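The values are calculated or read from the model by the stated rules, or taken from the named source; none is laboratory data. For clarity, every value in this text was computed on a predicted model and none was experimentally measured. No Cβ is skipped: glycine too gets one built from the backbone with ideal geometry, and neighbour counts run over all protein chains shown. Heads up: the accessible areas ignore ligands, DNA and RNA and are worked out on the full protein's heavy atoms, side chains in. Shrake-Rupley method; radii C 1.70, N 1.55, O 1.52, S 1.80 Å.
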Amino acid sequence: MNRPKTWLLVFVALIWAASWFQGAINPYYFDILITIGINIVLGVSLNLVNGYTGQFSLGHAGFMAVGAYVSAAMTIFLCPRWLAACGGGSTAESALFLGALVAGGFGAALAGLAVGVPSLRLKGDYLAIVTLGFGEIIRVMVQNTEAVGGSRGLSIPARETGLFTTYLAAALAVYVVVSLVHSTYGRGFLMVRDDEVAAEAMGINTTKYKVMAFVVGAFFAGIAGGLYAHFKQFIHPEGFGFLRSVDIVVIVILGGMGNTPGVILAAILLTILPEGLRALAALEALPVWLRGMIQNRMILYSLLLIGLMLTRPQGLFSGGGKWLRWWKRRQA
Amino acid sequence: MASLVEKEAGMSPLLEINDCTVAFGGLKAVSELNLSIHQGELMGLIGPNGAGKTTAFNLITGVYRPTDGEIRFDGRSIVGRRPYQITARGIARTFQNIRLFASLSVFDNVRAACNMHLRHGISHALWRGDAFAQEEKAVEDRVMELLEIFHLDHLCNAPSTGLPYGDQRRLEIVRALATRPKLLLLDEPAAGMNPTEKQELVRLIRFTQEKFKLAVLLVEHDMRVVMGICERIAVLDYGMKIAEGTPEEIRNNRKVIEAYLGE
Amino acid sequence: MTEFLQQLINGLSLGSIYALIALGYTMVYGVLKFINFAHGDVYMVGAFAGYYLAPWVWKVIPAGQDTTRFSWSSSAGAFAVLLLSMAVCAVLGILIEKLVYRPLRKRPRLTVLITAIGVSIFLENFGQYLFGADPKSFPEILPDRAIEGLGDLTVMVNQSVVLVVTLILLVALHFIVMRTKMGTAMRALAYNPAAASLMGINNDVIISFTFGLGSALAAAAGILNAINYPSIDPLMGILPGIKAFVAAVLGGIGNLQGAVLGGILLGVLETLVVGYVSPMYRDAIAFAVLIAILLFKPNGLLGRVESEKV
């Protein structure tokens with residue numbers, strides 16, 4: 001048994017135990033907890049593409065949409081029939097939900113493949129816009145598919161997403177990304193980011209690594225989409241637009257590109273922040289103009305982005321290792 | 001010399017470039033180049049600035065595709081192969097403007113170049129079983145061994161781009177060797193070095209070639225370096241090969257003198 | 001046939017808008033080699049500048065408000081609104097460059113790109129805060145009626161104004177870029193920044209100038225679009241911005257004629273798809289074009305081939 005796998009198992013056991021008490025959690029906090037989990041999955045998976053592999057994608061919400069719609073369609077159209085066939089029961093229901101999530105993940109991975117392959121020749125700005133375009137094309141396609149509600153949106157009957165599934169997905173996403181990046185095999189991602197020409201000269205098939213980053217990233221975005229759909233119980237194509245992608249990009253940049261712990265922290269921070277801002281905006285003591293400005297969190301996010309790029313392009317939470325060493329020295 | 005023995009025995013060359021031309025628009029950067037390198041040979045490629053030396057390198061390593069002509073390595077054509085495939089066949093290179101992986105440490109730069117020879121793929125990296133751990137360990141040992149040979153082991157955790165210039169050049173050579181090449185291409189390894197460093201470099205190249213039983217193709221400006229170690233030298237000017245021979249022959253070749261000094 | 005001609009005219013006026021915005025992308029790309037993501041939002045600010053400036057202009061030219069018939073004063077009023085909002089946006093563009101992009105000039109392109117996205121989101125959301133999120137109705141600064149005597153063809157006066165003004169602006173731009181000292185310096189900078197600065201060109205001034213020029217053209221596009229489609233809102237710049245970028249890539253980024261060509265082509269194509277296929281695909285078409293062009297002709301229709309030096 002090695003350490004990463006042990007950590008994963010211990011964490012899964014912990015959330016499994018915790019999920020027994022999820023009924024006791026105040027619905028408001030429960031909502032935030034789940035959203036944090038989903039945002040961790042999204043941020044960590046996008047970090048593989050944007051952070052470690054250096055391929056700037058602005059279409060993560062598109063993959064999320066694919067996952068959300070595929071899994072929702074499974075739940076709505078296929079699961080009732082299968083449930084009837086196997087006699088029902090809550091275990092069967094949970095299994096089918098997991099199946100729907102994975103199907104959503106694979107659907108999104110397929111979309112990731114479709115985006116990854118033609119995007120290979122592109123870099124930086126171009127890639128960003130093309131992935132943005134792909135995300136929008138996915139949105140328009142969903143909008144034009146009446147079977148899944150088109151532009152009216154789609155309601156999902158059951159609220160299946162719970163603490164356990166959400167954080168299981170988060171743990172798996174983190175495990176997969178960290179494992180890949182910390183193996184000789186997965187270091188190809190970093191080489192592609194640093195210097196594609198040199199990477200090729202070292203025998204790295206840069207194409208393979210780029211596509212792999214896109215596919216793995218999209219898979220987890222799809223899982224996150226499924227979790228989101230089965231939590232909110234209503235999805236709408238507009239909910240997976242460009243701005244949603246930007247939300248995820250902000251998580252990655254704030255956390256630090258290629259810094260998984262930082263991205264996890266940023267996912268937590270950026271999920272709580274709007275709640276805090278809402279409370280702040282309700283304060284009568286503040287001037288009206290400030291309260292108005294606070295209500296639009298994107299103003300703060302955009303200023304944060306610009307400010308970070310000007311002063312700390314490596315992200316808010318880089319240098320974590322330094323603090324850890326300092327702390328360890330103090331302990332010793 | 002080994003290579004001469006081979007040639008006399010009629011062995012086919014390791015690398016064979018036949019009538020290769022690279023044109024950018026109307027400009028022929030390399031035209032009708034013929035070049036062959038034998039197993040274990042140390043060959044030099046010289047020429048004035050802009051003569052097409054680096055283009056020839058990019059041609060061999062698959063960065064450029066020849067407009068015309070044929071390149072064979074180890075008996076098989078490599079025209080149209082992607083650079084990583086050519087590296088896999090056994091050609092490694094260094095770069096004129098050093099291209100280390102900036103975010104990787106010295107150790108990881110070399111380790112990354114071992115990637116190609118791994119038998120284990122994505123599932124092993126995720127499962128992290130015993131076989132995977134053993135292979136990772138084997139790679140680490142090999143990297144450490146290489147770094148020790150080139151006296152870079154004490155720097156293994158340093159960020160690669162923070163090294164002194166000479167060490168960076170050496171690291172690039174180590175990194176190239178980690179791909180286990182049969183032919184090593186060195187693109188101006190002595191650029192920016194002082195005389196002492198150059199002497200050290202000459203020693204290093206010779207040592208590397210003997211230790212790893214390599215063929216080496218060396219592009220270099222510094223005549224003393226080239227004349228000092230190369231068994232055979234080819235001279236390029238305006239994309240064409242104007243001479244080839246032993247250092248002695250090249251030194252006395254009229255065309256070469258004209259190309260360098262002008263008429 | 002008439003219907004096709006009608007679509008073509010609609011497409012041309014839409015294409016003019018894209019062309020004007022695309023010029024800004026392509027000029028900035030020419031001198032700085034980066035995509036100014038916030039450019040589409042400058043177009044939005046242009047429209048809002050017109051919205052707020054029109055009443056002021058009418059205070060000076062009261063007769064300009066009367067748009068029941070054509071008159072010198074209504075034309076003068078419209079012209080003043082156009083020029084003023086162009087000036088406002090030129091200043092905005094220069095400010096953005098100076099405050100945000102200039103400190104990042106030597107940084108990796110990704111850093112600049114992210115910053116540009118940040119500026120874009122800021123303009124959109126600060127716009128929502130400042131102007132309100134609800135759509136506003138752009139004032140009628142010119143009499144809007146159909147040109148008579150064209151048979152079944154309906155061409156609005158405003159549509160022809162779009163075409164004429166665009167043409168004038170293009171000619172003016174051509175003159176500036178090809179005949180003035182500033183324009184020559186701009187081309188030199190696009191060709192080789194280091195050499196340009198060695199020739200005594202102050203790169204900072206030229207870059208500011210380029211931003212100003214591009215932003216002014218975007219503002220013009222904002223006004224010209226608003227006189228035909230008066231509903232304006234703070235997020236209106238996102239899609240035209242992206243589409244204009246597609247137009248610039250289609251024509252070959254960095255190439256001025258290409259930007260115009262790409263804009264017109266894209267405008268016509270979009271109108272035809274909306275007219276003959278389905279209006280649902282209005283926004284997807286530009287992206288399909290972008291992906292196709294990057295796959296098959298990544299340097300665009302009129303672009304130069306560039307390759308990375310190894």
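Once you average over the residues of B:52-64, how many Cβ atoms of partner chains fall within 10 Å of each Cβ?
Neighbouring Cβ atoms belonging to other protein chains average 2 per residue here.
Take the Cα atoms of the range B:174-218, find their three principal axes, and give me the spread along each one in whole Å, biggest first.
Computed over the Cα atoms, the extents are 29, 17, 16 Å.
Need the C-alpha centroid separation for the range A:114-145 versus the range C:14-90, integer Å.
Comparing the Cα centres of the range A:114-145 and the range C:14-90, I get a distance of 31 Å.
Just for the Cα atoms in chain A, what are the lengths along the principal axes, largest first, rounded to whole Å?
Result for chain A: principal-axis Cα extents of 60, 56, 47 Å.
Counting pairs of Cα atoms in chain C, how many percent are more than 29 Å apart?
The answer is 35 percent, as a whole percent.
Can you list the residues in the range C:79-103 whose accessible area drops by at least 20 Å² when all protein chains are present, compared with the chain alone? Use a 1.4 Å probe, heavy atoms only.
Residues meeting the cut-off: C:100.
Quick check: at a probe of 1.4 Å, how many percent of the accessible area of the protein assembly as shown sits on carbon and sulfur atoms?
Carbon and sulfur: 63 percent of the exposed surface of the protein assembly as shown.
What translational diffusion coefficient, to the nearest whole µm²/s, does the range C:144-293 have by Stokes-Einstein, given a Kirkwood radius computed over alpha-carbon pairs, a temperature of 37 °C and 0.692 mPa s viscosity?
The estimated diffusion coefficient comes to 187 µm²/s.
Between residue A:82 and residue A:12, what FRET efficiency follows from the Cβ-Cβ distance if R0 is 22 Å, with the result rounded to 0.05?
The computed FRET efficiency comes out at 0.25.
I need the Debye-formula profile for the range B:85-220: one equal scatterer per C-alpha, no solvent, reported as log10 I(q)/I(0) at q = 0.17, 0.20 1/Å, two decimals.
-0.92, -1.24
Relative contact order (percent) for chain A, with alpha-carbon contacts under 8 angstrom and 6 or more residues of separation?
31 percent
How would you order B:67-74, A:30-37, A:252-259 from highest to lowest mean count of nearby Cβ atoms within 10 Å?
A:252-259, A:30-37, B:67-74
Straight-line reach only, C-alpha to C-alpha below 19 angstrom: list the lysines that residue B:255 could link to, leaving out same-chain residues fewer than 8 apart.
Cross-link targets: B:53, B:241.
Taking the Cα of residue A:288, stepping 7 Å toward and past its beta carbon, and measuring to each backbone N in the range C:131-151: which are under 15 Å?
The answer is C:131-132.
With the Cα gyration tensor of the range A:193-332 in hand, give its eigenvalues times 5 under a square root as the equivalent ellipsoid semi-axes, listed largest first in whole angstrom.
Working through the eigenvalues yields semi-axes of 32, 24, 16 Å.
Which parts of the range A:170-189, residue by residue, lose 10 Å² or more of accessible area when the rest of the protein chains are there, as against the chain isolated (1.4 Å probe)?
Those residues are A:175, A:176, A:179, A:180, A:182, A:183, A:184, A:185, A:187.
Just name one of C:188, C:60, C:292: the one whose Cα is farthest towards the positive end of the charge dipole of chain C (beta-carbon charges, Lys/Arg +1, Asp/Glu -1).
C:188
Mind checking the per residue accessible area of the range C:34-240 for me, 1.4 Å probe, whole number of Å²?
Using a 1.4 Å probe on heavy atoms only, each residue of the range C:34-240 averages 45 Å².
Taking Rh as the Kirkwood radius computed over C-alpha pairs, what is the Stokes-Einstein D of the range A:98-162 at 10 °C in a medium of viscosity 1.306 mPa s, expressed in µm² per second?
Diffusion coefficient, whole number: 114 µm²/s.
Using per-residue counts of other Cβ atoms within 10 Å, averaged over each peptide, order B:115-127, C:246-258 from highest down.
C:246-258, B:115-127
Return the whole-Å distance between the Cα centroid of the range A:234-276 and the Cα centroid of the range B:138-188.
The range A:234-276 and the range B:138-188 have Cα centres separated by 39 Å.
Please find the FRET efficiency linking residue C:276 to residue A:234, where r is the Cβ-Cβ separation and R0 is fixed at 45 Å, and quote it to the nearest 0.05.
0.85
So what's the gap between the Cα centers of the range B:197-217 and the range C:150-181, to the nearest angstrom?
About 68 Å separates the Cα centre of the range B:197-217 from the one of the range C:150-181.
Put +1 on the Cβ of each Lys and Arg and -1 on the Cβ of each Asp and Glu in chain B; which of B:84, B:209, B:183 then has its Cα farthest toward the positive end of the dipole?
Comparing the listed Cα positions along the dipole, B:84 ranks first.
Lys and Arg at +1, Asp and Glu at -1: add these up for the other residues within a Cβ distance under 13 Å of residue C:41 and post the number.
-2
For every other residue with a beta carbon closer than 13 angstrom to the beta carbon of residue C:262, add +1 if it is Lys or Arg and -1 if Asp or Glu, then tell me the sum.
Once all neighbours under 13 Å are counted, the net charge is +1.
Around residue C:7, under 14 Å between beta carbons, what's the net of Lys plus Arg minus Asp minus Glu among the other residues?
With Lys, Arg at +1 and Asp, Glu at -1, the net is -2.
Pairing the Cα long axis of helix B:130-149 with the longest principal axis of chain B, what angle in degrees results, from 0 to 90 and rounded to the nearest 10?
So the inclination is approximately 50 degrees.
Working only with C-alpha atoms, what are the Rg and Dmax values of the protein assembly as shown, expressed in angstrom?
31.2, 101
Just the number, please: buried accessible area between B and A, total of both chains, 1.4 angstrom probe, nearest 100 square angstrom.
Its buried surface, counting both partners, is about 2800 Å².
Pairs to check: B:137/C:106; B:28/C:297; B:182/C:106. Give those whose C-alpha atoms are more than 29 Å from each other in this structure.
Table pairs above 29 Å Cα-Cα are B:137/C:106; B:182/C:106.
Mind checking the angle between helix C:238-251 and chain C's longest principal axis? C-alpha axes, 0 to 90 degrees, to the nearest 10.
Between the helix axis and the principal axis of chain C, the angle is about 60 degrees.
Counting only other chains, what is the mean number of Cβ atoms within 10 angstrom of the Cβ of each residue in peptide B:96-108?
Shielding by partners across B:96-108 averages 4.
How high is the FRET efficiency from residue C:107 to residue B:158, r the C-beta distance, R0 25 Å, rounded to 0.05?
After rounding to 0.05, the efficiency reads 0.55.
Quick one: if you stick a label point 7 Å off each Cα along the C-beta vector at residue B:27 and residue A:207, how many nm between them?
It is 2.9 nm.
What does the accessible area per residue of the range A:64-149 come to in Å², with a 1.4 Å probe and no ligands, DNA or RNA counted?
40 Å²
For helix C:203-228, report the angle its Cα long axis makes with the longest principal axis of the Cα atoms of chain C; keep it between 0 and 90° and round to the nearest 10°.
Helix C:203-228 and the main axis of chain C meet at about 20 degrees.
Give me the inter-chain shielding for C:275-286: mean count of other chain Cβ atoms within 10 Å, whole number please.
3
Compute the semi-axes of the equivalent ellipsoid of the range B:146-260, taking the square root of 5 times each eigenvalue of the Cα gyration tensor, and list them largest first in whole Å.
Values for the range B:146-260, descending: 29, 15, 12 Å.
Average the reciprocal distances over every distinct pair of alpha-carbons in the range A:1-89, invert the result, and give the Kirkwood radius in Å.
Computed over Cα pairs of the range A:1-89, the Kirkwood hydrodynamic radius comes out at 16.6 Å.
Report, in cubic angstrom per residue, the convex hull volume of the C-alpha atoms of the range B:210-263.
90 Å³
With solvent modelled as a 1.4 Å probe, how much accessible area in total do chains C and A shield from it at their shared surface, in Å² to the nearest 100?
Counting both chains, the buried surface is close to 3700 Å².
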